[in-house]
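S.K.: Right, I'll just put the structure down here and ask away after.
The values are calculated or read from the model by the stated rules, or taken from the named source; none is laboratory data. Keep in mind it's a predicted model, so treat the numbers as computed, not measured. Don't worry about glycine lacking a Cβ; one is built from the backbone with ideal geometry, like all the others, and counts go over all protein chains shown. Side chains included, ligands, DNA and RNA excluded: accessible areas come from the protein's heavy atoms. Shrake-Rupley method; radii C 1.70, N 1.55, O 1.52, S 1.80 Å.
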Amino acid sequence: MNSQDIEQLVRPNIRALCPYSTARDEYQGTLGIFLDANESPYPTGYNRYPDPHQKALKAKIAAIKGIPAESLFLGNGSDEAIDLVFRIFCTPGVDNAVAIEPSYGMYNVAADINDVEMRRIPLGPDFSLPAEALLAASDTHTRLLFLCSPNNPSGNAFPTGELVSLIRRFPGIVVLDEAYADFSGQGSLRTRLPEFPNLVIFQTLSKAYGLAGLRLGMAFASPYIIRLMSMVKYPYNINQSTQELVLKALDRPIDGQVAEIVGQRTRVAAALPAFGFVRRVWPSDANFLLVQVDDADALYAHLLADGIIVRNRSRVSGCAGCLRITIGLTSENDRLLQSLQAYEKGDIHR
Ligand code: PMP
């Protein structure tokens, strides 16, 4: 696909959009008496609008991620980026999108909000990538394909070769959500972005970076797609405190904690099959395990009554009988395993 093909995928009203120009777009200096933005002159620490382009933060994240800043978008969580791709590429009531199922629930919610039909294609055996079925479900009005690798809630990363071949063959925009990539040996496709003009990669600081409360999601894509996202976003989508706090937090390395989570994932995954009520523990490339048990509702209720909250995914298509368990601190995982032992012995909390 070339850049002209990509342009044809953009909604005509977005292609023609004249974006809002902020007071700080007009004057870009940092010194002077600011009487341009109708702010309060009394200092509170936050009386000035934040940088709408997040220049300092983008420079730092771009350096860490090894991509040019022009290929980076920052959003109020990945959830903002998910909504934006619908608004940029899909005409409501006309265009459609395709996604794997089960996957992260927000893709479907964002499709519904934007009045875009979502065609959900079940994963293959052992949660494999259903490449042919995804392509077969697409038609001339299909604008987006949502992939998530490692996938939530199945936990598996799809083989890079399969992802690359699908991105090359899909005649629209491929959104690849890599929220959990830091926990996977397979790594990220972001360094290969120049090969794929139709690829948008999402990552987030909510998982491995431990900053879910600050709400910072990232999208990596061609400078053209990043310009569209920047045009359509709210002008001040990343607030001042998030910009400052994230800049500081990024000085803290995450490798040690990621290695610990991965080590604990191996430990918990190895311990679970010993319980008689555990039917299956799916291999995970993420910071959680999908576990199929005899009676998911009963086990969920037991853990809850014992003060341990997991996610009951048993009513999600393809996940019958499954709980999704996030890997916590060693002490928290100890408590989980103790509680499972009590459940096995019949010492059930209700
Ligand atoms: N993508 C996936 C695959 C997720 O599982 C989640 C959170 N559960 C998110 C994105 C949300 O990311 P953020 O906190 O950046 O909105």
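S.K.: How high is the relative contact order of the chain, given as a whole-number percent (alpha carbon pairs under 8 Å, six or more residues apart)?
M.R.: Values: 578 pairs, mean separation 60.1, N = 350.
The normalised contact order for the chain reaches 17 percent.
S.K.: Compute, for Thr191, the solvent-accessible surface of its heavy atoms (probe 1.4 Å) with the complete set of protein chains present, and express it in square angstrom to the nearest 10.
M.R.: 100
S.K.: Per DSSP H run of n ≥ 4, the term is -39500 (n - 2.57); total these for the chain, divide by its residue number, and report the mean residue ellipticity at 222 nm rounded to 500 deg cm²/dmol.
M.R.: Working: 13 runs with 124 residues, N = 350.
After summing the helix terms and dividing by the residues of the chain, the value is -10000 deg cm²/dmol.
S.K.: Which cysteines does the chain leave without a neighbouring Cys Cβ under 4.7 Å?
M.R.: Cys18, Cys90, Cys148
S.K.: Using the heavy atoms of the protein chains and a 1.4 angstrom probe, tell me the accessible area per residue for the chain in square angstrom. Spell out each step's value before the answer.
M.R.: Values: 16390 Å² over 350 residues.
That works out to 47 Å² per residue.
S.K.: Which lysines have a Cα lying under 30 Å from the Cα of Lys233, excluding residues fewer than 8 positions away in the same chain?
M.R.: Reachable lysines: Lys55, Lys58, Lys60, Lys65, Lys207, Lys248.
S.K.: Moving on. How far apart, in nanometres, would the label points at Arg48 and Asp126 be if each is projected 7 angstrom from Cα along the Cα-to-Cβ direction?
M.R.: It is 5.7 nm.
S.K.: For the chain, what value does the Rg/Rh ratio take when both radii are computed over Cα atoms and Rh is the Kirkwood radius, given to two decimals? Walk me through the numbers on the way to the answer.
M.R.: Values: Rg = 22.1 Å, Rh = 21.9 Å.
That ratio equals 1.01.
S.K.: Of the heavy-atom accessible surface of segment 1-49 (probe 1.4 angstrom), what whole percent is carbon and sulfur?
M.R.: That fraction is 54 percent.
S.K.: Another question about this same structure. Can you pull out the GluC sites (Glu not before Pro) in segment 1-49 whose DSSP state is coil and whose Cβ has at most 13 other Cβ atoms within 10 Å?
M.R.: Glu39
S.K.: Around Val291, what is the net charge, scoring Lys/Arg as +1 and Asp/Glu as -1 over all other residues with Cβ under 9 Å from its Cβ?
M.R.: Result for the local shell: +3.
S.K.: Taking Cα pairs under 8 Å and at least six residues apart, what relative contact order does segment 204-313 come out at, in percent?
M.R.: The value is 14 percent.
S.K.: Kindly identify segment 29-174 as rounded, prolate or oblate by the Cα gyration tensor criterion: order the square roots of the eigenvalues as a ≥ b ≥ c, call it rounded if a/c is under 1.5, otherwise compare a/b with b/c, prolate if a/b is larger, else oblate.
M.R.: prolate
S.K.: Note down the nm distance, to one decimal, between modelled labels 7 Å out along Cα→Cβ at Asp255 and at Ala16.
M.R.: 5.3
S.K.: Right, something else. Based on the alpha-carbon gyration tensor of segment 61-133 and its eigenvalue square roots a ≥ b ≥ c, which shape applies: rounded if a/c is under 1.5, prolate if not and a/b is larger than b/c, or oblate?
M.R.: Cα axes put segment 61-133 in the oblate bin.
S.K.: Something else now. Give, in nm to one decimal, the length gained when the segment between Tyr224 and Asp334 is fully stretched (0.36 nm per residue of separation minus the Cα-Cα distance).
M.R.: 34.8 nm
S.K.: Between the alpha-carbon centers of segment 92-170 and segment 1-35, tell me the distance in whole angstrom.
M.R.: First find each Cα centre; the distance between them is then 29 Å.
S.K.: Hey, could you get me the Stokes-Einstein D for segment 195-333, Kirkwood radius over alpha-carbon pairs, 20 °C and 1.002 mPa s, rounded to whole µm² s⁻¹? Intermediate values should be presented prior to the final figure.
M.R.: On the way: Rh = 18.0 Å.
Value of D from the Cα-based Kirkwood radius: 119 µm²/s.
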